[in-house]
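The values are calculated or read from the model by the stated rules, or taken from the named source; none is laboratory data. Keep in mind the model is a prediction, meaning the values are calculated, not measured. In this analysis, Cβ positions are derived from the backbone assuming ideal geometry, glycine residues included, and neighbour counts consider all displayed protein chains. Accessible surface is based on the protein model in full, side chains and every heavy atom, while ligands, DNA and RNA are left aside. Shrake-Rupley method; radii C 1.70, N 1.55, O 1.52, S 1.80 Å.
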There are 2 protein chains.
Amino acid sequence: MLTRIDHIGIACFDLDKTVEFYRATYGFEVFHSEVNEEQGVREAMLKINDTGDGGASYLQLLEPTREDSTVAKWLAKNGEGVHHIAFGTADVDAQAAEIKAKGIRVLYEEPRRGSMDSRITFLHPKDCGGVLTELVTAAGQHTEAAEGH
Amino acid sequence: MLTRIDHIGIACFDLDKTVEFYRATYGFEVFHSEVNEEQGVREAMLKINDTGDGGASYLQLLEPTREDSTVAKWLAKNGEGVHHIAFGTADVDAQAAEIKAKGIRVLYEEPRRGSMDSRITFLHPKDCGGVLTELVTAAGQHTEAAEGH
């Protein structure tokens, strides 16, 4: 079950400038920042609100760290803007398996490490009405059912 | 103050098909649907979660009702995908004025009626890192400060 909008991923050319835009315009502050070498991104998470399932919703600002990263290629094609959306679930492994069984392409064989030690996977945008869609289980939000993974 | 991700607006060519995709794939149900003649859209709101400010986060699925609507033009250029994001606030009028004073272009002179009798305005995507950004006050969520409007 997907229980929240976990985040909206926004691709940008200059992370510091974009962080400053969101701070100066709306008052949003950086909750967490990190570099994900595997994804080839430098990112900042801005927490917007708590959610009814005990989690939270964030904006995830993404700047590519190398030319061959998927975000760099996406930016070259589309320019800055919304790159993906993410739904939160207590068990990304089970959700991904269930959705894959419905014929939607899941991009990772196994979920990988995402922001703030979350566990994530992505669904193919061509199978999701043009929307690159991420599924995420936050660190510490795994259910007992998911602990076998 | 912006206190939640109110919704993610997703543009599609066929609303019924897209509603069915979100139901069959994730189990999301239609919470509300309407036609907004002014915006030239037929839309479905799928409630995803409650938010800590007493509101909720939705997916808003949008199908254009006429060729000259902004969503129809956007779809012709971009294809299906994320069209805009929306932040919730208790006072859209005050927030829009504050943001306009910072030099961001606000698209409406006065906020207009949005989904579910909300009060909305939009910020120019070129001033917001490529992200068409909506501000929304839900019906019944106006603060006392906003009641003068």
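Quick look at the numbers
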| read-out | value |
| --- | --- |
| Boolean, B:G79 is at positive phi and out of contact with any strand residue (DSSP E or B) (no Cβ under 8 Å at 6 or more places or on another chain) | yes |
| Test: residue in the stretch A:54-76 that is in contact (Cβ under 8 Å) with a residue 40 or more places away in the chain, more than 13 Å from A:L15 (Cα to Cα) and among the charged types (D, E, K, R) | no |
| Filter pass, B:G103 being at positive phi and at pLDDT below 95 | no |
| Scan of the stretch A:21-34 for residues that are more than 9 Å from chain B (Cβ to nearest Cβ) and either of a type in the set (G, A, S) or within 19 Å of A:E80 (Cα to Cα) (or both), ordered by number | A:R23, A:S33 |
| Exclusive hit being open to solvent by 40 Å² or more (accessible area, probe 1.4 Å), within 11 Å of another protein chain (Cβ to nearest Cβ) and either more than 28 Å from B:V92 (Cβ to Cβ) or of a type in the set (V, I, T) (or both), set A:D14, A:D68, A:D53 | A:D14 |
| Extreme residue, surrounded by the most Cβ atoms within 10 Å (Cβ to Cβ), among residues of the stretch A:17-50 that are farther than 22 Å from B:K126 by Cα and without any contact (Cβ under 8 Å) to a residue 12 or more places away in the chain | A:N49 |
| Subset tally (residues that are under 24 Å from A:A139 (Cα atoms), modelled with pLDDT of 95 or more and not small (G, A, S)) for the stretch A:20-56 | 18 |
| Selected residue [of a type outside the set (S, T, Y), free of Cβ contacts under 8 Å to residues at least 60 places away in the same chain and either closer than 16 Å to B:L132 by Cβ or within 13 Å of chain A (Cβ to nearest Cβ) (or both)] from B:E98, B:E110 | B:E98 |
| Qualifying residue in the stretch B:38-49 (condition: more than 9 Å from chain A (Cβ to nearest Cβ), within 18 Å of A:N49 (Cα to Cα), under 15 Å from the mean Cα position of the chain (by Cα) and among the charged types (D, E, K, R)) | yes |
| Complete set of residues in the stretch B:71-82 that are within 14 Å of chain A (Cβ to nearest Cβ) and either open to solvent by less than 30 Å² (accessible area, probe 1.4 Å) or out of contact with any Phe, Trp or Tyr (no Cβ under 9 Å at 6 or more places or on another chain) (or both) | B:V71, B:W74, B:L75, B:A76, B:K77, B:N78, B:G79, B:G81, B:V82 |
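Per-residue answers, yes or no, for (1) within 29 Å of A:M1 (Cα to Cα); (2) touching an Asp or Glu at 6+ places or on another chain (Cβ under 8 Å):
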| site | (1), (2) |
| --- | --- |
| B:F21 | yes, no |
| B:E29 | yes, no |
| B:M45 | yes, no |
| B:T51 | yes, yes |
| B:H84 | yes, yes |
| B:A101 | no, no |
| B:R105 | no, yes |
| B:R112 | no, yes |
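Yes or no, residue by residue, for (1) in contact with a Gly (Cβ under 6 Å, 6 or more places away or on another chain); (2) open to solvent by less than 20 Å² (accessible area, probe 1.4 Å):
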{"position": "A:H84", "(1), (2)": "yes, yes"}
{"position": "A:A90", "(1), (2)": "no, no"}
{"position": "A:E109", "(1), (2)": "no, no"}
{"position": "A:M116", "(1), (2)": "no, no"}
{"position": "A:C128", "(1), (2)": "no, yes"}
{"position": "A:A138", "(1), (2)": "yes, no"}
